[in-house]
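To start, the structure under review is shown below, and the notes come after it.
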Amino acid sequence: MFRNKKSKFETPTGDRGRTPYFHGRSKIMHKFDRILTSAVATREGTIQLIQGAPGAGKTALVDQMEKLAKSRGWKSVEIDPQALWDVKALREFFPDKNIFRKITAKFTDESSSISVGIDIEWSTQNIRKILRSGSRRPLLLILDEAQMLGSSGKPVGAQAVVASSVLKAIHNGKMRAPIMLIAAGLRTTLTSLQALDVSRFGERNKASLGELSEESARAVIQDWIVKGGSAKGDPTEWIDALYKETDRWPRHVHSYARIASIYLEKHSGMMTREGLEKVIEKGRRRRIGYYEQRVEGFFVDEIRHVARILSDLPAGKPFDRLNMINRLSEIYGEEASQELFDRLLEKGIVESHQLEGYHIPIPSLHTWIVESIV
């Protein structure tokens, strides 16, 4: 078993979020770099859309984008959905609170001229002005979990009007300043933005994340083992074994490799067969825990019926939405079946698969649902 000695890689966030070792997504990063350059040259920003299921590496990619932007002289600010329409929410993310107030009064008499400063809060309608005043440098706004704009963080009424105005101004380069927004979330994020009248994304401004390439997945595992775990000797056996466990899914690559790194760090970098078996065993338990979290919020019978439908389909292969809904309708009726399918989409269990239909994005998740729940 692992010792109780604390590792430098044991953090409260666990497997989720930023990672010290990043490989892949080079085409996305190259396009983003070009967007940054263009935004500064033209003083016209835009929205960069990043979509993917939970564990697809959205947060890690956004972290790399933020680092790149900062290296180009940009200021970055992380916001939540409410900051797009609520001044009080927006100001929480800016360290310089002075940009939210302005001098608006001047009194003059015959003997002297006296200027009196009065602090007045900016109104909600002036959020675009606040953002333009937010930094003398180009400004990068980061909105993670952006799919909430269409669900739990959905603006209504006047809020939606303001949010739509702000988003469209940024996306269409109408801010009269180099201001960009990275909107990262599940694959329902585009639908959430479309509901706020932001719908057109060019190929350069939209990225859908899936599995890593074999080369990138192996490179990440190697870095964790060699750099993080200070492995002694040839790491090929460990890399091969861990790679086979991951489906090249970023969350699994990160999780297995991080577990290996912690083990090696605590065992002076010694790569033994017994150690590898312990790492794989713990990685599999962690993977099952991840899948169990994915189906939280569903009734057992709902997932069981979904599993029975999936059992007729090869793992990783696309399926027809209407076929699944029709089969579920035999049990729940059409309206409830559509609602169940929408929840599967919102949780990232099911994803659209280009023009071929829908699929479970991780083959091993498909297999786990079928084998564990049916």
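The values are calculated or read from the model by the stated rules, or taken from the named source; none is laboratory data. The model shown is predicted, which means the values in this text are computed figures rather than measured ones. Because the Cβ atoms are built from the backbone with ideal geometry, glycine has one as well, and the counts that use them run over all protein chains shown. Just the protein is used for accessible areas: all its heavy atoms, side chains included, with ligands, DNA and RNA removed. Shrake-Rupley method; radii C 1.70, N 1.55, O 1.52, S 1.80 Å.
Couple of notes before you dig in:
- Exclusive hit being closer than 25 Å to residue 53 by Cα and not charged (D, E, K, R), set 230, 216: 216
- Residues of segment 193-227 satisfying the condition of being open to solvent by less than 70 Å² (accessible area, probe 1.4 Å) and closer than 15 Å to residue 257 by Cα: 212, 216, 217, 218, 219, 220, 221, 223, 224, 225, 226
- Meets criteria (under 30 Å from residue 86 (Cβ atoms) and not hydroxyl-bearing (Ser, Thr, Tyr)) for residue 207: yes
- Residue 167 closer than 14 Å to residue 85 by Cβ and open to solvent by less than 30 Å² (accessible area, probe 1.4 Å): yes
- Condition met for residue 273 (open to solvent by 60 Å² or more (accessible area, probe 1.4 Å), in contact with a helix residue (DSSP H, G or I) (Cβ under 8 Å, 6 or more places away or on another chain) and not aromatic (Phe, Trp, Tyr)): no
- Filter pass, residue 68 being touching a Lys or Arg at 6+ places or on another chain (Cβ under 6 Å), modelled with pLDDT of 95 or more and over 30 Å from residue 278 (Cα atoms): no
- Among residues of segment 287-305 that are in contact (Cβ under 8 Å) with a residue 40 or more places away in the chain, those with a Cβ under 6 angstrom from a residue that is in a helix (DSSP H, G or I), sequence gap 6+ or separate chain, pair up as 291/365; 291/368; 295/303; 303/373; 304/373.
- Of the residues making up segment 182-192, none is surrounded by 18 or more Cβ atoms within 10 Å (Cβ to Cβ), more than 16 Å from residue 342 (Cβ to Cβ), in contact with a helix residue (DSSP H, G or I) (Cβ under 9 Å, 6 or more places away or on another chain) and at pLDDT below 95.
- Flag for residue 240 being open to solvent by 30 Å² or more (accessible area, probe 1.4 Å), more than 14 Å from residue 263 (Cα to Cα) and at pLDDT 95 or above: yes
- Any hit, segment 84-104, residues being modelled with pLDDT of 95 or more and open to solvent by 60 Å² or more (accessible area, probe 1.4 Å): no
- Of 154, 174, all but one fail to be open to solvent by 60 Å² or more (accessible area, probe 1.4 Å) and farther than 20 Å from residue 130 by Cβ; the exception is 154.
- Of the numbered criteria (1) in contact (Cβ under 8 Å) with a residue 24 or more places away in the chain; (2) assigned to a helix (DSSP H, G or I); (3) within 17 Å of residue 20 (Cα to Cα); (4) not hydrophobic (A, V, I, L, M, F, W, C), the one residue 222 fails is (1).
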